[in-house]
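The values are calculated or read from the model by the stated rules, or taken from the named source; none is laboratory data. The model shown is predicted, which means the values in this text are computed figures rather than measured ones. Backbone-built Cβ (ideal geometry, glycine too); neighbour counts: all protein chains shown. In case anyone asks, the SASA skips ligands and DNA or RNA and just uses the protein heavy atoms, side chains included. Shrake-Rupley method; radii C 1.70, N 1.55, O 1.52, S 1.80 Å.
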Amino acid sequence: PGSSPHNQQHLHYLLTSTMTSSTNPSSSNAAALSANAAGEARFFANAVASWYVNTIDPYAPHTQNIESRLRHPVHVVTRRILYGNVHATHMAGASVHGTDDLEALFNDDDAEIKDGPEALTRRSAARMEAFLASCSVALRVDEEIDERIMSKIGDNATASPVVTEGKGKNGKDKKKKQLDAPVLAVRKISISSSPSAPKISRQIDRGDLQLRLDLYCRTLRRIRSLSDANPSKPMEECVIQYLSKKAIRSRVRLIVQTYLRNVDCVRVVHKTLMTLVLRATLEVLAVEVWCPELRSTVDRLASEYEHKVSFASLAFLSSPDNSAETHLAPLLTKYFEYLQVDWELLVSRCELERMLRTVVDSDLRYFFKNSVFHSVGHILDECRRERESLDNIALPPPWKEGVFGMAGGGDTKGDAEAAIKQYCSDPALVKQALRDLRREVITVNGQILPPAHSHMELAEHLGQILNSKKLMLSLSGGSMMLRRKSSRKKRTSNYTSDFGLELESDFSGTESDASLTGKIDVGLVDVLARRLLIAASRTGTGGDAYFIVRDLFGGEDVEVVPHHSSGKVSQGTIEIIVKMSSVIIKSHAKFDIFPKPIVSDSDALIQFHATTTETVTLQHSREASFTTLKEKITNMTGWRTLAIRPGMYTRIPLH
């Protein structure tokens, strides 16, 4: 009673969801921890916990110790388990040496960690940060106890009579009994103590920290087992689908204990519970941000628990501890089972939310997501006002942001080539990208590129056009008169927007040298073929435009749908403009916004046009009488610019 039908329906799914194993049996076997692997995880957890407890600053707040004393040991252990010789420290007779080796690394924050690559993968780093954040909220920030006071109170901190001496009316001493509560005694002692004396802060319990570290190290050890079993595949970052019921119960018990330790009044129940559950979610999914769906689910879980607890408390049916065990633990168990079933979808949505937070200005997102538009004219006016921001949404290179599931942070030529090569070597992704590419109309300086059914065929068609006499003539400057005549012709673009859209497919620029004959390098043809696959893939970076348009202009009452053109398209949906100094790749798309529910014969409320532009910088090399064009790697290689603009509308006055 009291909960909305929407909440009941959502929580009904959580409470009735059952585990359906969709994982590979061989992966499940590799992910199952053996007794030795579990012992290795326990060894590392014990080493970190022991070192931390013995080296923390007792006068520093708990959160400060977590940051200054726990971060580095956890980083060392993470690198060792994922990449190092994880067996050496747990071998018979090697435990003491292994502990000394770890403690030497723990004690030196600047020590060079030789295990694995120079840095953790982006998602491994996200898991570690989420773990440290969970440790930080294990205790409330304001819970600091002065141990000097507690030692003075000792066993006398009870509601027992306290005898004090005073003067009577006749001047004689007399004894008086008064009953003081323990809190009054604490206040009396603390006031009389010196304010300059340092206070000992309350720290995380050794057993609590040991359990947290054990769960964290078990996760890393499970990832390492999967990586060793499949060395040719990328590291599997999320392993919650392999957790046993016992491991789930341990995580639930940890959250319940932390919750009971941090909550002392009704008003902080919802906030505290959401914080604990969401931080635990970031750790088990190995993501940096939570998606709106996860936040909404946890919010409903917390509301359902609040309702049950308040009802039981009003009826004097149970204590907070009993309520947590009776109501909170089952909800959390079903929530983790929900994560085990839908982890893949939730990870992809969290990664999408991360991308949106990275590339779209936070103020711009907040404005469009929270604005109520009254008419098409209202939307057009606001888009014109925000034109500069909508026209210049910078999309980072895939090899920097890990769009293809790789570690982010690469800046070198090798990183770029490795990322693109890995993407284009995946048969399933290439097959889907070629299927998407055949739906597009691709033009190279105005010439239509024939459809291709393989990467090799695409490169062949592209090479034929790039080395054709017509394109070579345009690069050498021989068709200047022809370009002048064509520029006088008025063209109607299929992508004309409310702002207007610059077209460059009819000219090659003014950088050409009439004394040279251009020649396209074979490597450049392959580079452009790979870039086309990436640009056209709706499941990869080609979907960025759709997700950003949906994020800014979609909502609960409207649906964003890619536009399907009818009739002949007068302009390529992907334009390749070859110049002497660069190659520009423009990917055009249209999106219609319909009210929900979508009816087959209904008209779109408004249409948006999106253009993603990438510039491939070229360098010239003189070979005999030819100028060979090759790609030049710069600090802007791979960066793309997304422009979102409303379609062209004409204001008609009403009479």
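How much of the accessible area of segment 316-365, probe 1.4 Å, is carbon plus sulfur, in whole percent?
Details: 1230 of 2370 Å².
Ligands and nucleic acids excluded, carbon and sulfur reach 52 percent.
On the full set of protein chains, 1.4 Å probe, figure out the accessible area of His378 and give it in Å² to the nearest 10.
Only protein atoms counted, so the area is about 50 Å².
In segment 277-364, how does Rg compare with the Kirkwood Rh, expressed as the Rg/Rh ratio over alpha carbon atoms? Don't skip to the end; give the middle numbers.
On the way: Rg = 16.1 Å, Rh = 14.6 Å.
In segment 277-364, Rg relative to Rh is 1.10.
Taking every alpha carbon pair in segment 189-307, what does the distance histogram look like in 10 angstrom bins from 0, in percent?
Computed distribution, short to long bins: 10, 31, 30, 16, 9, 3, 1.
Need the C-alpha centroid separation for segment 331-366 versus segment 235-296, integer Å.
The distance from the Cα centre of segment 331-366 to that of segment 235-296 comes to 14 Å.
Points 7 angstrom from Cα along the Cβ direction at Asp101 and Val53: gap in nanometres?
2.5 nm
So with the 1.4 Å probe, I'd like the accessible area per residue for segment 244-378, rounded to whole Å².
On the way: 6600 Å² over 135 residues.
Ligands and nucleic acids excluded, the figure is 49 Å² per residue.
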